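Take a look at the structure set out below.
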Amino acid sequence: MLNLWSDRKTPACDGGTRRDFLKAGVLGMGGLTLASLMRARAQAAEAGQRTRNTSVVWLWLGGGPTHVETFDPKMSAPAEFRSTIGSVQTNVAGIEIGSVFEKMARVSDKMAYVRSFAHTNSGHGGGTHWVMTGYNFAAADNGQGQNKPGLGSILARQRGANNPETGLPTYVRMNGILGDGPSWLGSAYAPFDTGGNARNNMNLQVTTERLAERRELLRSFDSLDREVDRTGVMAGLDSFEGQAYNLLLSKARETFDITREDPRTLDLYGNNRLAQQMLMARRLCEAGVGFVTLNYGGWDMHGNIAQSMRQTAPAVDHAVSAFVRDVNQRGMQDDILLVITGEFGRTPRVNGGAGRDHWAPLSTLALSGGGLKMGQTVGESNARAEVPKTTPITPQDLMATVFRVLGIPQDLHYNDPTGRPTTMLNGGRPIRELVG
Amino acid sequence: MAFHLLCLALLLGQPGNGPSAFIDAELAIRWQKEKLTPAEKTSDQEFLRRVSLDLIGRIPTLQEQEAYLQDAAKDRRRLLVDRLLAQDDFARHWADKWSDWLLGWAAPAEAWDPFHGWLHQHFAKNRSHKELAEKLLLARGTTADNPAVHLYVRLRGEPVPEKDWEKWGQYEMVPFTGHVFRVFHAYRLQCVQCHDNPGDGDVRQEAFQAMNLLFRQVRFTPKPGAGKKSDIEISDDPALNKSGLSPYERRNGLLLFTTPGFYGSLWTKKTNQTRREFFAERFVKHADFARGHVSLMWDYFFGHGLHRTLDFDDMTPANPIVHPKIMDRLAAEFVKSGHDTKALMRWICNSEAYGLKSVANKSNAGPEQAVFFSRMQVRTLTRRQVAESLAVALSGEDYLKRRAKLRAELLAEFTPETIPPASHCELEPLNPEADLSVRQALWLMNGSVIERELVSPQGPVARAVKKYGASPEGLKKVIPHIFAITLGRPPTAREMETLTDPKTAQFRAGKQQADAPAFWTSYYEDLFWALLNSNEFTLNH
C-alpha cells in the first residue's frame, strides 16, 4: 500500500505495520460490549483473583547504544577501546559503569548489567527486528516489514488486548520502535499509542449509558458486508472500536494523567521528559498495562562519542534512577521489570572520528526488578569488550526471560497465517543468573 | 459492425485501444489465466463515493449526489471523472497528498501551509509532473518567495560543522537524496546508502553516494523575514564540497571515495551545469521517472502496486512487476502526454477495473489475488480524507462556508502516530496515511468537535428535525436522509426495518417519553453518530 512517509509503519528502510495490518491473518476479539466487560470484571472480582499484573517497561535506546560507555566501560582495556568518558563506581562492590551514569550507579544494587548480550546483525533494521522480536530478519535492512510479532503484541494476544479488570490496553507505546508491532498476530494486538491527542479524546462527551446505547445501535445494523474484505482491515476496525470503547469506560484518562501523582513522586522524576514518560509507564503498569515501550533515540554515535554521551545519557541516568527508586519504594520491584536495550552495541575500537560504529557481536542490556536477581553483572566480555567471553546471551534468551517474568508459557504458540502452529520462542532460555 | 463499434467508442471518447481499454484487456487476460472471476460493476452511488474520495479527497455532498444521479448521459461516469478533475477540490486534495508525501504531516505549519498553497496552484493549473519535480529540485530563492524551497530545508539532514563546509558541504542531504527517489522514482534508494540491495545489479551504494554529492553544493542562508520569523535562502555555491569527493564505508569497514554522478554519468567541474541542474535533467529523463509515477498512482487508486508486494516503491529485482505491459504502456503514454498527471488519473479511473466492486467472490478473496485487480481492494482513508468527509457530513448546506474551519478543528483532535528515526541514515518517518488505530476510533467515537456539531442548533441533526420533525413519522424520512449524507446511499430494507423497529435498543432502554421531540432528537443524534462510526464511513470500498 501507499506509504511514502511512515511512522512505525515504514520508517525508511523498515517495512511496516501498514503491511502487517493488511496481512493480518489472525484477528481475535472484537470489542467487548459493556455488559460483557462488566461481567468479566465482576467474575474476576468474585473469584478474588487479581488479574496477573506483572509488567515490562521496555526502554529502547534507539540507534544502537554503545555497550562500552554505558554498562561495560572496560577501563582495563587499551585507550582506544575503553570508555571514552571513563567510569563510575556503583554501590555494588566491583561493578563500574560509564561515568555519566552517576545516579544509576547509586541504585545499581537494584539493577543487573548483562555484559555478554550479543547477536550478529549490525544493521539498524535487522538488529532492531532481532532484539524486538527475538528473531533475525536480514531483509529488514532492505525495507522489508516486520515478519515476527513483537514482545508486547505477543503479550496482548496472550492476555487480551485490554485488561479485563481495568479496561486499559495490555500494550502501550509512547514512542514507536521499528518491530514493535503485531506482524501476523493481527492488528488487534498493536500497541495503543499515546501520541497525538488520544488522551484528550478520552474525556467522555456523553454519559457512559448513552455511549453504550449508541454502540448497541451501531451494532444493530450491518453497514458493510464483512465478506468484502478478508485482509483483516475490517476485523481490525472492529477491534479498534471495541478497544476504544473499553478505554472510554476505564480509568484510562486518570491513569495517563501524571499530575495526579503525589507531589513528592513528581519531584523525584522532575521535569525531564523521559522521566515523566517513565512515571507514566509506572502508573500504567499499576493500572494493569502489561507492556510499555518507550523509545529514547540518539544513540547512533558514529562521531565524537564522548560529547554525544554527555549530551544524551544524563536524561537516561536521571529517569532510570528515579524509576528504579520509585518502583522499589512502592515495593513493586517484583511486579515491574525494566529492560534497557537497543539494536546493537558499537565497535570496540574508537574510529577516526572519535566515534564508534555499529557492532552487534556485543550489545547493550541492563535490567531492573521483575522479581529477578539484582545487584550483579551477568556474563563477561573479553579484554577489549569486543565479544562475550562467557556464553553469549541472545535476544532469544532475553525474550525467554521476559516471558518468565510476564507469566507467558515458554512453549506459547499461535497459528501463523498459513495455519501452522508456531512457537513464539525458538531456543531461548531464561537468563540463569537472573532467574536463579 | 466492427466499424460501428469503433465509431461508438470514438464518440464516447474511449477508443478501444486507449490506455483505459488497454488496462482492461490486459487484466482480462490475466484473470482468465489465473481463473479469476471479476467482481461486479459498482453501483452508481458506490462509484461516485469511491471516485470522489480518490480524486477530491472527500465524500460527495447531497447536491453532488443528486447532480450525478440525474445525469442522463450514457457515459456519465466518464463525465463525472472529468468534472472532479476540474474541481478546485481536486487541487486541494492533491496538494494535501503531495504536502504529506513530500514534507510529511508533521512538518511545521510555517512550512506545510505555504508549501501546500504552492502545490494547490500547481494542481489547479494542471502543470506537468515533470515541472513539479524540476521546480522542487531546482528551487532557488527564499522560503518566503518560493515555497518549493521548503523541501530542501525539511530534508537537508544532519548539518556539517562549519569548518568542514568546504570539504563536505553544509548539510549531509541524505534524506533529500533518498526521498526524491522514493517519491518520484518509486525506489528506496536511501536503503543502499549503507549497503547494496541484494540481487540488485543496477543501483549500488556508490550510486547513492554519487547522487548525494550532487546536492552538496546547495547553500542555505538564513535571511531576516517578516516579523520575528527567519527565512532561508537557497543557492548553489561552488565553494561547498569543493573537491567533489565523498567517503563512504562498506559494511566490511572498507573506506571508499566517490565523485558526483547520476547512475554512472559523471559531473565534473567542466560540466556546464550546476550539480543540481545536472541531476534534475537526468532524473526526469530516466525511465523510472514515468514508471515511478505510474507505480505511485496505480497503488493509490487500486490499493496495491503493480508489483508482487504491496508497496509501490520497492522496485527491486526481488519484487517483480506483475503487469509489465500495463506499466510500459502507461509510462509511455504518460511521457507522450507531457507528464500529464490528470491524464494518467483519467485513464485509471475510466478503466472498468477501477469501477469493480470490492466484494470478493470465491476466486478472488485471498490477499494473494489482490495483485490481479479482479476486484477493488478495501482501502483505508487518510485522516485528512476522514476529516474533510466529516466536514461534508456535519456541515450540510453550509459546507462551503464552514469547511476550512471545521476541517482544521477536526484534524487538531487527531494526529497520527509517529516513530522517531532510529538513526542518521533514515528519513524522519512520518505517516500521513490512514492511521487506523484505537486512536482513530477514540476520535470518531468521542471527539469533542463531532459531538458539538451533533447537538448544535445549526448542526445536521437540528436541520433534519426542522425539515422532517422529531417524531416516529419524521424518523422514516430522517433515516434515508442521514444515510445519504454520511454513506451516500439509501438504507437497505433491513436497515430501515431495524432502525424503525420499536424494539431497537434505543426504544427498549425504558424511555418513558417516547413521544417527546427531545427523545427523537437524541435518537437522530445517536443514529448520526452510529453511521459516522461505521466501518462503511471510514473505508473506501
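The values are calculated or read from the model by the stated rules, or taken from the named source; none is laboratory data. All of these numbers come straight from a predicted model, not from anything done at the bench. Here Cβ is always computed from backbone atoms with ideal geometry, including for glycine, and neighbour counts include all displayed protein chains.
Tabulated results
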| read-out | value |
| --- | --- |
| Test: residue in the stretch B:39-54 that is farther than 30 Å from B:Ser363 by Cβ and buried (at least 17 other Cβ atoms within 10 Å of the Cβ) | no |
| Where a residue in the stretch B:194-221 is closer than 19 Å to A:Asn121 by Cβ and its partner, wherever it lies, is modelled with pLDDT of 90 or more and assigned to a helix (DSSP H, G or I), with Cβ under 9 Å and at least six apart | none |
| Candidates A:Thr259, A:Thr293 - the one that is under 30 Å from B:Ser437 (Cβ atoms) and either of a type in the set (Phe, Trp, Tyr) or surrounded by fewer than 24 Cβ atoms within 10 Å (Cβ to Cβ) (or both) | A:Thr259 |
| Residues within the stretch A:407-424 that are closer than 23 Å to A:Gly127 by Cβ and either out of contact with any His (no Cβ under 9 Å at 6 or more places or on another chain) or of a type in the set (Val, Ile, Thr) (or both), tallied | 2 |
| Evaluation of B:Asp71 against (1) among the acidic types (Asp, Glu); (2) under 19 Å from B:Phe373 (Cβ atoms); (3) surrounded by fewer than 17 Cβ atoms within 10 Å (Cβ to Cβ) (one fails), failing number | (2) |
| The listed residue being crowded, with 24+ Cβ neighbours inside 10 Å and either farther than 25 Å from A:Ala105 by Cβ or modelled with pLDDT of 95 or more (or both), out of A:Leu279, A:Leu284 | A:Leu284 |
| All positions within the stretch A:49-89 that are farther than 19 Å from A:Val100 by Cα and under 19 Å from the mean Cα position of the chain (by Cα) | A:Arg52, A:Asn53, A:Thr54, A:Ser55, A:Val56, A:Val57, A:Trp58 |
| Filtered residue count, the stretch B:361-400, keeping only those that are buried (at least 21 other Cβ atoms within 10 Å of the Cβ) and either without any contact (Cβ under 8 Å) to a residue 24 or more places away in the chain or at positive phi (or both) | 1 |
| Cross-chain or 6+ apart pairs with Cβ under 6 Å, the stretch B:519-534 first and more than 7 Å from chain A (Cβ to nearest Cβ), then surrounded by fewer than 22 Cβ atoms within 10 Å (Cβ to Cβ) and hydroxyl-bearing (Ser, Thr, Tyr) | B:Trp520/B:Ser471 |
| Condition met for A:Arg346 (of a type in the set (Lys, Arg) and over 25 Å from A:Asn91 (Cβ atoms)) | yes |
| Listing of strands (runs of 3 or more DSSP E) fully contained in the stretch A:361-436 that carry 3 or more residues being of a type in the set (A, V, I, L, M, F, W, C) | A:365-369 |
| Residue among B:Ala124, B:Ala106 that is surrounded by 15 or more Cβ atoms within 10 Å (Cβ to Cβ), within 14 Å of chain A (Cβ to nearest Cβ) and not charged (D, E, K, R) | B:Ala106 |
| Residue in the stretch A:373-389 that is touching a residue at least 24 places away in the same chain (Cβ under 8 Å) and farther than 30 Å from A:Ser76 by Cβ present | no |
| Residues located in the stretch A:122-174, provided they are more than 21 Å from A:Thr66 (Cα to Cα), more than 13 Å from the chain's Cα centre (by Cα) and not in a loop (DSSP other than H, G, I, E, B) | A:Ala138, A:Ala139, A:Ala140, A:Asn142, A:Arg157, A:Gln158, A:Arg159, A:Asn162, A:Pro169 |
| Filter result for B:Glu158 (over 17 Å from the mean Cα position of the chain (by Cα) and within 14 Å of chain A (Cβ to nearest Cβ)) | yes |
| Filtered residue count, the stretch A:239-252, keeping only those that are over 21 Å from the mean Cα position of the chain (by Cα) and either part of a helix (DSSP H, G or I) or of a type in the set (Asp, Glu) (or both) | 8 |
| Among the candidates B:Ile29, B:Ile56, residue that is within 26 Å of B:Arg383 (Cα to Cα) and modelled with pLDDT of 95 or more | B:Ile56 |
| Selection within the stretch A:310-351 - surrounded by 24 or more Cβ atoms within 10 Å (Cβ to Cβ) and more than 28 Å from A:Gln396 (Cα to Cα) | A:Ala322 |
| Hits in the stretch B:488-498 - residues which are within 31 Å of the chain's Cα centre (by Cα) and either within 19 Å of A:Glu216 (Cα to Cα) or modelled with pLDDT under 90 (or both) | B:Pro491 |
| Check on A:Ser381, over 19 Å from the mean Cα position of the chain (by Cα), surrounded by 23 or more Cβ atoms within 10 Å (Cβ to Cβ) and polar (S, T, N, Q) | yes |
| Failed criterion for B:Arg329 (all others in (1) touching a His at 6+ places or on another chain (Cβ under 7 Å); (2) more than 10 Å from chain A (Cβ to nearest Cβ) hold) | (1) |
| Test result for A:Phe101, more than 11 Å from chain B (Cβ to nearest Cβ), touching a Gly at 6+ places or on another chain (Cβ under 9 Å), within 29 Å of A:Leu279 (Cα to Cα) and crowded, with 21+ Cβ neighbours inside 10 Å | no |
| Set B:Ser351, B:Ser395, B:Ser363: member being of a type in the set (Ser, Thr, Tyr), away from every other protein chain (no Cβ under 14 Å) and not in a helix (DSSP H, G or I) | B:Ser351 |
| Residue match in the stretch A:363-373 (condition: surrounded by fewer than 16 Cβ atoms within 10 Å (Cβ to Cβ) and of a type outside the set (Asp, Glu)) | yes |
| Test: residue in the stretch A:178-187 that is within 7 Å of another protein chain (Cβ to nearest Cβ) and not hydroxyl-bearing (Ser, Thr, Tyr) | yes |
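For (1) buried (at least 24 other Cβ atoms within 10 Å of the Cβ); (2) more than 9 Å from chain B (Cβ to nearest Cβ); (3) of a type in the set (D, E, K, R), each residue gets a yes or a no:
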| position | (1), (2), (3) |
| --- | --- |
| A:Pro149 | yes, yes, no |
| A:Gly152 | yes, yes, no |
| A:Ala161 | yes, no, no |
| A:Asn203 | no, no, no |
| A:Thr207 | no, yes, no |
| A:Arg214 | no, no, yes |
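Here's the yes/no breakdown for (1) outside any loop (DSSP other than H, G, I, E, B); (2) at positive phi; (3) touching a residue at least 60 places away in the same chain (Cβ under 8 Å):
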site: A:Ala281; (1), (2), (3): yes, no, yes
site: A:Gly298; (1), (2), (3): no, yes, yes
site: A:Met301; (1), (2), (3): no, no, yes
site: A:Ala306; (1), (2), (3): yes, no, yes
site: A:Val316; (1), (2), (3): yes, no, yes
site: A:Ser321; (1), (2), (3): yes, no, yes
site: A:Val324; (1), (2), (3): yes, no, yes
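Quick grid of which residues meet (1) closer than 24 Å to B:Arg49 by Cα; (2) modelled with pLDDT under 90:
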{"position": "B:Asn272", "(1), (2)": "no, no"}
{"position": "B:Ala280", "(1), (2)": "no, no"}
{"position": "B:Asn319", "(1), (2)": "no, yes"}
{"position": "B:Pro324", "(1), (2)": "no, no"}
{"position": "B:Gly338", "(1), (2)": "no, no"}
{"position": "B:Ala353", "(1), (2)": "yes, no"}
{"position": "B:Gly366", "(1), (2)": "no, yes"}
{"position": "B:Thr382", "(1), (2)": "yes, yes"}
